[in-house]
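Please find one structure pasted underneath; my questions will follow.
The values are calculated or read from the model by the stated rules, or taken from the named source; none is laboratory data. Since the model is a prediction, treat every value here as computed from it, not as a measurement. Every residue, glycine among them, receives a Cβ derived from its backbone with ideal geometry; neighbour counts consider all protein chains shown.
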Amino acid sequence: MSRIESFKEALNEKRAVKIIAGIDNFDAESVRKVVMSASNSGANAVDICADPDIIAMARDITDIALFVSSINPQELAHAVALGADAVELGNFDALYKKGQTFTASQVLRLARETRELIGDDVFFCVTIPGELEVGEQIELARDLEALGVDLIQTEGHFTNETPSNGVRGLIERAELTISNTIELSRNVDIPIMTATGINPTTASLAFAAGASAIGCGSCVNKLDSEISMLAVSKSLVEIAERNAQYTVELV
């Protein structure tokens, strides 16, 4: 089974875990640690930036599905040529920090351009900006589904405000992306990946909201040690596996 087919199988079983190094993370050593943690934990995919050297490094050290993220269609097409198993238009959350915003029409235009460049056979994920009104998100999701996008990733709200302490702060961070997951999963048939604020505390909430996958970044890539990264990644995989088992039991 190919790497991307293995990821698709995990999607179908609602247990897919993608560990995110960061669309703006160009530190090769940092990315290496994230990739190794994802690979050794049993995660199904790792998501990296579109830098050619980092793509080559990641491809050399892991056999799990390799996602490459960018908002540049040409970069995404080049990433496929360099060995990416999947491309992702987004994640926009990291770019809000730089003052960039994205409308639904901009995202759809970029998605169409990307699809034209990569063709119909490459696994294609698109992030829906969490800042959009729910109605706009649903309309965009339907347009992306019609375009043949394979996976939609949700996100939350970027803020510079200091979060609440403890579990409350963790749930507040994930609240919007989880509510977006509920809305979108009710309105499209393609699988949903929930990202932004997803960690071992909130991962089960994402699956309960209808996610087929979780995208987890800062709870792993902000850690200092590889042991800690691996431990958190394993915890996320275990939560996803339990969700898949529970889903099977319900059926």
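Determine if the range 133-144 includes at least one residue that is in a loop (DSSP other than H, G, I, E, B), surrounded by 19 or more Cβ atoms within 10 Å (Cβ to Cβ) and under 17 Å from the mean Cα position of the chain (by Cα). Explain how you work it out, then say what you get.
Step one: of the range 133-144, the residues in a loop (DSSP other than H, G, I, E, B) are 133.
When the remaining residues are screened for being surrounded by 19 or more Cβ atoms within 10 Å (Cβ to Cβ), the result is none.
Checking the range 133-144: not a single residue is in a loop (DSSP other than H, G, I, E, B), surrounded by 19 or more Cβ atoms within 10 Å (Cβ to Cβ) and under 17 Å from the mean Cα position of the chain (by Cα).
May I pose another question? Just to check your reading of the model, which residue among Val188, Val122 is under 30 Å from Lys234 (Cβ atoms), modelled with pLDDT of 95 or more, of a type in the set (A, V, I, L, M, F, W, C) and touching a helix residue (DSSP H, G or I) at 6+ places or on another chain (Cβ under 6 Å)?
Matching residue, one of Val188, Val122: Val122.
In addition: Considering only residues of the range 2-40 that are farther than 20 Å from Pro191 by Cα and of a type in the set (A, V, I, L, M), which is modelled with the lowest pLDDT?
So, considering only residues that are farther than 20 Å from Pro191 by Cα and of a type in the set (A, V, I, L, M), the one modelled with the lowest pLDDT is Ile23.
From Asp63, Asp53, grab the single residue that is exposed (fewer than 14 other Cβ atoms within 10 Å of the Cβ), at pLDDT 95 or above and assigned to a loop (DSSP other than H, G, I, E, B).
Residue meeting the stated conditions: Asp63.
Scan the range 95-107 and report the pairs whose first residue is part of a helix (DSSP H, G or I) and whose second residue is surrounded by 11 or more Cβ atoms within 10 Å (Cβ to Cβ), with Cβ atoms within less than 6 Å and a gap of 6+ or a chain change.
Filtered contacts from the range 95-107: Tyr96/Phe158; Ala104/Leu132; Ala104/Glu136; Ala104/Leu140.
Restricting attention to the range 168-182, and to residues there that are closer than 21 Å to Leu151 by Cα and either out of contact with any strand residue (DSSP E or B) (no Cβ under 9 Å at 6 or more places or on another chain) or hydroxyl-bearing (Ser, Thr, Tyr) (or both), which single residue is modelled with the lowest pLDDT? Give the steps one after another, and end with the answer.
Of the residues in the range 168-182, the ones closer than 21 Å to Leu151 by Cα are 174-182.
If we keep only those that are either out of contact with any strand residue (DSSP E or B) (no Cβ under 9 Å at 6 or more places or on another chain) or hydroxyl-bearing (Ser, Thr, Tyr) (or both) as well, we get 175, 177, 179, 181-182.
Details: Glu175: 88, Thr177: 92, Ser179: 94, Thr181: 96, Ile182: 96.
Result: Glu175.
If I ask for residues that are in a helix (DSSP H, G or I) and either touching a His at 6+ places or on another chain (Cβ under 6 Å) or within 26 Å of Gly197 (Cβ to Cβ) (or both), which ones from the range 80-94 would you list?
Within the range 80-94, Asp93, Ala94 meet the criteria.
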